[in-house]
Each structure stands twice: as structure tokens, then as C-alpha cells.
Amino acid sequence: MTAGERRRLVEHILEVSRGMAPLMRRWRTHDWIDLELSMPQLKVLFLLHDGGKSMRQLSQPLGVTPQTVTGIVDRLVEMGLVTRGESQDDRRFVLTSLSAQGRQLVERLQVAGERATMRLLDQLTIEDLRTVDRALEAIYGAAQAMPLDKHITESGRSE
């Protein structure tokens, strides 16, 4: 495979993915439309789903200051979706975690996405399912092999 062919394939995959996104949203809009959360609040909830984090740990992937995250977290605490507590390692640090209600919300949204995916997969033949399975296994393997600190910049380059 030439570099040009590889680039064309990657571009086509991205184009198809972009086309899929609005279709998938149509199937699960009702699960998201009633949320009274801003996009930054939703992002914080999903970041916390992996476990408690400090304000600095939340601010870095969001590209905002810890002070900005503090305001977002304040509102989520008021809504009962997030709790604050001391870090077990260092009591000077405040650790933010999902409350039971916040965890239920994130899990409900994840299940909604899985339901939409199941509806789509139900339309495929067994041969197509095997192809999708192999492709996702390959993507999963590549993701596992990437260093944890590697991220993509706005220009599309990895750092």
C-alpha cells in the first residue's frame, strides 16, 4: 500500500464517520435533549466517570484553567451530580467525583449510545458483522499500543 492510498483510505473512513454521526444522533436524541447541562458540564461528568480527579486534572483535557473548572464543578455539585472530597494521598487537594446520581446519568447516556449501535448492528449480515468485529479489534489494538501521553493537536498532529 502506498502512502497516498493509505491517506485516501483514512480520509474516506473519516468522511463516512462524519456522515454516521448525524444518523446516530437521530436515534438517541431523546436521551440527550432533555438534559439541562452545558457541554462543559457534560464533558466533566464523562471525565469523572473514570474516577475522581483534581481541578487541575479536569482542566487540562478541557483546555481551561482550574478556576474555570471550579465554576463548572460548583454547578454540578448544586445539581447533585458531583461531590467534592479530600484526596486520600494529600489532604490539601480537593478531589471531585461523580455522585450516585451523576454516575447513573452517565451510564444512562452510555446505554443510550449502545442501544443506537445495537439497532444499527442488527441491520448487518453476519459477514458484515465479522468485518466490523475485525476492524474494531484492530482499532482497539492500535489504541492500546499508543502511549498514554499521546494526544492529537488541533492541526491533527500527534504530540
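The residues listed here are Val69, Val64; of these, the one that is farther than 30 Å from Leu136 by Cβ, of a type outside the set (S, T, N, Q), modelled with pLDDT of 90 or more and not in a helix (DSSP H, G or I) is Val64. A residue that is in a loop (DSSP other than H, G, I, E, B), in contact with a Ser or Thr (Cβ under 7 Å, 6 or more places away or on another chain) and surrounded by 11 or more Cβ atoms within 10 Å (Cβ to Cβ) cannot be found anywhere in region 37-51. For region 82-99, taking the residues that are touching a Ser or Thr at 6+ places or on another chain (Cβ under 6 Å) and either free of Cβ contacts under 8 Å to residues at least 12 places away in the same chain or in a loop (DSSP other than H, G, I, E, B) (or both), the one that is farthest from Glu36 (Cα to Cα) is identified as Phe93.
In this structure, Trp27 does satisfy being out of contact with any strand residue (DSSP E or B) (no Cβ under 8 Å at 6 or more places or on another chain), surrounded by 15 or more Cβ atoms within 10 Å (Cβ to Cβ), at pLDDT below 85 and part of a helix (DSSP H, G or I). Within region 52-61, the set of residues being surrounded by 14 or more Cβ atoms within 10 Å (Cβ to Cβ) and in contact with a helix residue (DSSP H, G or I) (Cβ under 6 Å, 6 or more places away or on another chain) comprises Met55, Leu58, Ser59.
From the list Gly80, Gly85, Gly51, the lone residue that is more than 22 Å from Met20 (Cα to Cα), at pLDDT 95 or above and of a type outside the set (Phe, Trp, Tyr) is Gly80. The condition (being assigned to a loop (DSSP other than H, G, I, E, B) and modelled with pLDDT under 90) is satisfied by just one residue among Glu114, Glu154: Glu154.
The values are calculated or read from the model by the stated rules, or taken from the named source; none is laboratory data. Remember, it's a predicted structure, so these values are computed and weren't measured experimentally. Every residue, glycine among them, receives a Cβ derived from its backbone with ideal geometry; neighbour counts consider all protein chains shown.
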